[in-house]
1. Answer yes or no as to whether residue 201 is out of contact with any helix residue (DSSP H, G or I) (no Cβ under 9 Å at 6 or more places or on another chain), buried (at least 19 other Cβ atoms within 10 Å of the Cβ) and closer than 29 Å to residue 146 by Cβ.
2. Would you check if residue 285 is surrounded by fewer than 14 Cβ atoms within 10 Å (Cβ to Cβ), modelled with pLDDT under 95 and out of contact with any helix residue (DSSP H, G or I) (no Cβ under 9 Å at 6 or more places or on another chain)?
3. Suppose we filter region 301-334 for residues that are part of a strand (DSSP E or B) and touching a strand residue (DSSP E or B) at 6+ places or on another chain (Cβ under 7 Å); how many remain?
4. Are any residues in region 329-350 touching a residue at least 24 places away in the same chain (Cβ under 8 Å), touching a helix residue (DSSP H, G or I) at 6+ places or on another chain (Cβ under 9 Å) and closer than 16 Å to residue 370 by Cβ, and if so, which ones?
5. For region 339-415, which helices (runs of 4 or more DSSP H) that fit wholly inside it have 1 or more residues that are surrounded by fewer than 17 Cβ atoms within 10 Å (Cβ to Cβ)?
6. Quick one: residue 300 ticks every box in (1) outside the structural domain of residue 91 (by TED's automatic domain parsing); (2) out of contact with any helix residue (DSSP H, G or I) (no Cβ under 8 Å at 6 or more places or on another chain); (3) surrounded by fewer than 21 Cβ atoms within 10 Å (Cβ to Cβ) bar one, so which box is it?
7. Going by what's in this entry, would residue 382 be described as within 30 Å of residue 3 (Cβ to Cβ) and assigned by TED's automatic domain parsing to the domain that holds residue 100?
8. Evaluate region 178-189: report whether one residue or more is at pLDDT 95 or above, crowded, with 16+ Cβ neighbours inside 10 Å, farther than 19 Å from residue 435 by Cβ and out of contact with any helix residue (DSSP H, G or I) (no Cβ under 7 Å at 6 or more places or on another chain).
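The values are calculated or read from the model by the stated rules, or taken from the named source; none is laboratory data. It should be emphasised that the depicted structure is a prediction, and the values quoted were computed from it without experimental measurement. Note: ideal-geometry Cβ built from the backbone for every residue, glycine included; neighbour counts use all protein chains shown.
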């Protein structure tokens with residue numbers, strides 16, 4: 001029998017999840033010294049994951065990485081199975097019949113909850129819900145948002161919180177130049193939101209913002225910015241932490257925060273940072289009317305500071321609360337899952353159960369390490385996984401069925417509608433063609449609209 005990974009018996013890998021981690025993994029496999037065939041599975045017709053559905057519409061440069069992914073999409077030994085969800089359309093058992101290895105890169109889309117009274121009230125949303133909505137995710141359940149309140153509170157001190165605040169403050173004219181769908185722009189144009197609070201439990205030095213995201217606020221010409229004074233009173237530990245090697249972003253955005261104290265307050269819109277504040281309750285009669293925040297003080301050594309509540313609270317009247325405190329992965333039937341942290345248990349990308357490596361199962365991206373890093377971080381992450389996968393080739397079980405075409409035929413016979421990459425590009429071209437004015441594309445907002453292009 002030929003050696004697995006040779007030209008006579010190419011290594012066959014199923015990569016599940018067509019976001020950055022999945023595409024980087026596919027690219028690394030196809031450019032490896034071994035002979036390899038890679039099939040990429042995605043639950044939606046459209047690929048690219050968070051690049052399409054997570055990156056804010058006003059950040060088009062961050063989406064140029066799609067050009068790189070498209071080069072992988074036309075590789076000879078690459079197949080795309082869009083509109084094919086693992087667990088619903090195809091099982092892990094079926095993938096094992098067709099592939100020597102399976103790599104899970106499905107990301108982390110399940111939002112973490114605040115865990116406070118009133119979180120279930122109308123007007124309380126996760127970051128995932130709002131971001132999926134304004135990015136035109138075709139599989140979301142929540143299709144509309146009540147933006148009739150003048151005040152919104154965003155809980156969280158990462159870039160996602162900044163994205164939400166910025167989108168709420170943009171003018172329709174600014175959004176019209178993005179790929180945000182026209183019906184969503186029209187809804188945001190009717191928004192009554194004038195003030196957005198961004199609340200975080202620790203101080204500005206410990207915030208997870210990046211300096212480019214903070215500088216993006218400079219483009220909001222009719223918006224003033226404010227920061228609570230107690231947050232800017234840095235103690236010795238804050239100043240020490242600010243000099244840490246990994247705090248370069250904080251050193252850059254702290255001077256910007258200092259300038260917020262001189263901002264004019266007569267503008268129509270306001271973004272107000274509230275550091276050292278933790279939400280303790282949301283109240284209202286059926287829908288949100290106010291949120292109460294507990295004041296914190298930090299303790300501990302530089303680099304490991306912890307918020308401790310003091311006997312002081314602040315109540316903000318509002319009608320919207322967005323929770324941006326992190327994500328967890330979602331379990332997939334047939335794939336090991338660690339509910340304690342919300343990801344696939346692994347050692348450097350090799351999937352494990354009770355510490356024992358599971359032959360032929362691998363993982364990369366957020367489902368592997370948790371929601372951290374930027375898009376490019378997934379390349380380094382995937383490289384670690386692919387290095388181990390290639391090292392393990394001799395120990396893998398050779399799949400009995402080695403035809404991607406046969407799998408596609410099987411799925412079609414079962415009533416499924418797998419999308420290949422050429423078909424996705426037809427949908428992609430149709431979105432571009434129907435755009436008007438300066439818009440780069442007009443997104444389809446449902447799976448049905450996408451599939452109709454191919455009929």
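1. Working: out of contact with any helix residue (DSSP H, G or I) (no Cβ under 9 Å at 6 or more places or on another chain): yes; buried (at least 19 other Cβ atoms within 10 Å of the Cβ): yes; closer than 29 Å to residue 146 by Cβ: yes.
Yes: the conditions hold for residue 201.
2. On the way: surrounded by fewer than 14 Cβ atoms within 10 Å (Cβ to Cβ): yes; modelled with pLDDT under 95: no; out of contact with any helix residue (DSSP H, G or I) (no Cβ under 9 Å at 6 or more places or on another chain): yes.
It is false that residue 285 is surrounded by fewer than 14 Cβ atoms within 10 Å (Cβ to Cβ), modelled with pLDDT under 95 and out of contact with any helix residue (DSSP H, G or I) (no Cβ under 9 Å at 6 or more places or on another chain).
3. Taking region 301-334 first, the residues part of a strand (DSSP E or B) are 306-317, 320-323, 327-328.
Imposing the further condition that a residue be touching a strand residue (DSSP E or B) at 6+ places or on another chain (Cβ under 7 Å) reduces the set to 306-310, 312-317, 320-323, 327-328.
The total comes to 17.
4. Filtering region 329-350 down to residues touching a residue at least 24 places away in the same chain (Cβ under 8 Å) leaves 329-330, 332-336, 341-344, 348-350.
Keeping just the survivors that are touching a helix residue (DSSP H, G or I) at 6+ places or on another chain (Cβ under 9 Å) gives 329-330, 332-335, 342-344, 348-350.
Scanning region 329-350 gives 329, 330, 342, 343, 344, 348, 349.
5. Values: elements: 366-369, 377-391, 404-413.
Result: 377-391, 404-413.
6. (2)
7. So residue 382 passes the test.
8. No, every residue in region 178-189 fails to be at pLDDT 95 or above, crowded, with 16+ Cβ neighbours inside 10 Å, farther than 19 Å from residue 435 by Cβ and out of contact with any helix residue (DSSP H, G or I) (no Cβ under 7 Å at 6 or more places or on another chain).
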